[in-house]
Amino acid sequence: QQNVQQSPESLIVPEGARTSLNCTFSDSASQYFWWYRQHSGKAPKALMSIFSNGEKEEGRFTIHLNKASLHFSLHIRDSQPSDSALYLCAVAYQGGRALIFGTGTTVSVSP
Amino acid sequence: EAAVTQSPRNKVTVTGGNVTLSCRQTNSHNYMYWYRQDTGHGLRLIHYSYGAGNLQIGDVPDGYKATRTTQEDFFLLLELASPSQTSLYFCASSDAPGGGYAEQFFGPGTRLTVL
């Protein structure tokens with residue numbers, strides 16, 4: 001059974017700062033890596049995904065994936081108060097039945 | 001934008017009661033999922049379905065039944081509700097198997113309280 005862990009559990013960052021979130025997984029056969037964001041009282045919504053080793057940037061958000069280290073991360077530059085949310089990483093593999101989610105990191109951006 | 005709706009949005013029941021949570025998606029997605037969300041546990045998969053009449057067991061199925069009556073509708077049934085089932089329930093859909101390479105779209109959630 002895939003084990004997906006996130007760190008830290010929570011963090012507080014000043015507006016404009018860079019934020020880094022970590023996710024580790026246990027199954028080296030994993031192929032699909034996602035970050036979902038959930039604002040308070042709302043549904044989770046996909047933020048970004050990556051399917052091969054390396055880096056992917058979309059606006060202020062960057063994902064790094066290192067399959068050999070069983071690790072991927074999300075980096076947010078120029079953090080905004082609207083980035084305050086619960087961030088969930090998720091992992092799947094081809095033929096797998098569903099995404100396996102981590103326990104989440106709560107980010108609070110202080111103005 | 002994919003649309004997934006859930007009803008009711010809030011539900012309070014007593015121990016031993018019967019509860020049905022409903023989910024509808026209008027995006028012709030084949031795959032639908034039921035999750036529960038609890039603090040410290042993230043999202044945990046209860047049941048999922050590949051299409052009408054199909055049901056697959058998830059990671060935390062005990063105490064739950066599910067039924068997929070049409071491509072659009074997926075129901076979660078708690079026949080003897082227990083306080084441990086107090087949680088926030090989300091339904092999701094996607095057009096790819098296993099939620100791998102395609103985004104999962106989530107409904108707004110149902111908050112269930114079992115007294």
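The values are calculated or read from the model by the stated rules, or taken from the named source; none is laboratory data. Everything numeric in this text was worked out from a predicted model, so none of it was measured. Quick note on the areas: whole protein, heavy atoms, side chains included, nothing else; ligands and nucleic acids left out. Shrake-Rupley method; radii C 1.70, N 1.55, O 1.52, S 1.80 Å.
How much of the calculated P(r) for segment A:4-64 lies past 19 Å, in percent of all Cα pairs? Above the 19 Å cut-off, segment A:4-64 has 39 percent of its Cα pairs.
Taking a ≥ b ≥ c as the square roots of the eigenvalues of the alpha-carbon gyration tensor, chain A is classed prolate because a/c is 1.5 or more and a/b outweighs b/c. Converting the Cα gyration tensor eigenvalues of segment B:13-115 into ellipsoid dimensions via √(5λ) gives semi-axes, longest first, of 23, 14, 11 Å. A straight chain from A:GLU58 to A:ARG77 at 0.36 nm per residue would run longer than the Cα-Cα distance by 5.7 nm.
Pairing chains B and A buries close to 1700 square angstrom of accessible surface in total, based on protein heavy atoms and a 1.4 angstrom probe.
With no solvent and one point per C-alpha, what does the Debye sum give as log10 I(q)/I(0) for segment B:1-43 at q = 0.17, 0.22, 0.27, 0.30 Å⁻¹? Here the Debye-derived log intensity ratios amount to -0.69, -0.98, -1.10, -1.13.
Direction-averaged projected area, Cα convex hull, the protein assembly as shown: 11.9 nm², rounded to one decimal.
Sorting B:THR26, B:THR86 by solvent-accessible area of protein heavy atoms yields B:THR26, B:THR86, largest first, with a 1.4 Å probe.
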